[in-house]
Amino acid sequence: MVIAHGNDCGNGLYPGNTAIYLEKMVQLGVDAIEVDLWLTADGHLVLIHDRELEMFSDGAGFVEDKTLEQLRQLNVAYFWTRDGEHYPYKEKPLRVLTLEEALAMVGDMPMILEIKSRQYRAAKVLKDVLAKCGKGEQVVVSSFHQGVINEFRRLCPQVATGTPTVESVVFYIAQLLRAEKLLRPRYSAMQLPMEQKGIPVVTESMVRAANKKKVHLAVWTVNGTENYRRYIDLGVHGIVTDRPDLLLEMLAQQRETLLKQAA
């Protein structure tokens with residue numbers, strides 16, 4: 001699967017977590033779109049990556065201290081730049097999206113929803129939004145925060161979830177010991193980094209263990225042809241990338257080559 005990364009730091013084609021990002025990724029034909037979620041002061045889930053408004057917008061303070069209406073006044077792509085010199089959205093402001101708006105925009109496109117908030121209330125709001133929009137079957141919900149994901153699983157056991165850090169570490173250690181058969185995962189997907197502190201995380205044995213447990217394994221954030229080939233050869237189930245256009249192009253070339261060889 002080619003998974004678009006909701007990148008806000010200029011490595012991608014468009015500012016992540018914005019309307020133009022969602023529209024262009026759907027048009028591009030990716031297999032899934034990853035976005036980040038924070039909870040507003042008045043209980044809405046919005047697509048934003050960083051907690052501090054100064055990091056990406058023309059506002060100040062913390063996302064979770066602001067109401068949706070206050071966040072609507074900000075340009076959420078104010079500092080977005082690909083080259084450090086040009087800021088294309090300073091004069092063409094992009095506004096914050098709610099999760100409901102994002103789900104409506106992508107149609108039936110699968111999404112990875114990462115809850116950034118540590119508030120358990122975010123799990124309840126997410127449950128309600130998915131039920132209201134009827135989108136529970138097309139998403140995977142993930143979070144680094146074990147308590148938040150546990151709460152979401154309690155409230156919404158039928159929706160697929162990913163692994164917080166603790167569960168990822170347990171799986172990694174288990175496969176090192178070849179003891180993954182002892183695991184009883186509550187998750188159906190893992191999105192793991194390429195490496196952690198210089199140690200490769202997604203390896204041949206990790207892929208093999210994920211296959212045994214029927215867990216979808218995606219790796220992030222992968223950029224560049226060499227890295228694409230590396231993880232495709234490993235047999236990962238998904239690649240999270242800032243440049244899905246380049247990955248799709250490479251896969252199309254590979255298919256064309258195989259068809260010519262078969263002919």
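Taken together, the values in this text are just the output of simple stated rules run on the coordinates, not laboratory data. Because the structure is a prediction, the values reported are computed rather than measured. All Cβ positions, glycine included, derive from the backbone under ideal geometry; neighbour counts span all protein chains shown.
Sorted fewest first by neighbouring Cβ atoms within 10 angstrom, Lys116, Lys124 come out as Lys124, Lys116. Residue-wise HN-Hα couplings along segment 136-145, as the Karplus relation 6.51 cos²θ - 1.76 cosθ + 1.60 with θ = phi - 60° gives them from phi, are x, 7, 10, 10, 10, 9, 10, 6, 7, 9 Hz; Gly and Pro carry x. Computed from phi, the 3J(HN,Hα) profile of segment 157-162 under the Karplus parametrisation 6.51, -1.76, 1.60 (θ = phi - 60°) reads x, 7, 8, 5, 10, x Hz, with x in place of Gly and Pro. Dipole check for the chain: with +1 at the C-beta of Lys and Arg, -1 at the C-beta of Asp and Glu, and the Cα centre as origin, the magnitude is about 1220 Debye.
Can you show me the helix-derived [θ] at 222 nm for the chain, built from DSSP H runs with n ≥ 4 at -39,500 (n - 2.57) apiece and divided by the number of residues, rounded to the nearest 500. Walk me through the intermediate numbers first.
Details: 9 runs with 96 residues, N = 263.
Dividing the helical sum by the residues of the chain leaves -11000 deg cm²/dmol.
Springs join every pair of Cα atoms under 10 Å in this Gaussian network model of the chain, and among Gly224, Gly84, Gly61 the largest mean-square fluctuation is at Gly84. Here the Gaussian network model covers the chain, with springs between Cα atoms less than 10 Å apart; of Asp242, Asp36, Asp58, Asp58 fluctuates the most. For Met190, nonlocal amide neighbours, meaning residues 5 or more places apart or on other chains whose placed amide H falls under 5 Å from its own, are His216, Leu217, Ala218. Of Lys24/Lys116; Lys132/Lys181; Lys135/Lys213; Lys24/Lys135; Lys24/Lys260, which pairs sit farther than 27 Å apart, going by alpha carbon to alpha carbon? Beyond 27 Å: Lys132/Lys181; Lys24/Lys260.
The charge dipole of segment 158-220, taken about the Cα centre with unit charges on the Cβ atoms of Lys, Arg (+1) and Asp, Glu (-1), comes to about 300 debye, rounded to the nearest 20.
When the chain is treated as a GNM, springs tying every alpha-carbon pair under 10 Å, which of Glu151, Glu249, Glu52 comes out with the largest mean-square fluctuation? Of Glu151, Glu249, Glu52, the Gaussian network model singles out Glu249 as fluctuating most. Dipole magnitude for segment 1-141: about 280 debye, using +1 per Lys or Arg Cβ and -1 per Asp or Glu Cβ, origin at the Cα centre. Stretching Val26 away from Arg154 to a fully extended chain increases their span by 43.0 nm, per 0.36 nm per residue minus the current alpha-carbon distance.
Could you work out the local net charge near Asp233, counting Lys and Arg as +1, Asp and Glu as -1, over the other residues with Cβ closer than 15 Å to its Cβ?
Numbers: positive: Arg208, Arg229, Arg230; negative: Glu204, Glu226.
Taking every other residue near Asp233 into account, the sum is +1.
Using alpha carbons only, the radius of gyration of segment 187-263 set against its Kirkwood radius gives Rg/Rh = 1.02.
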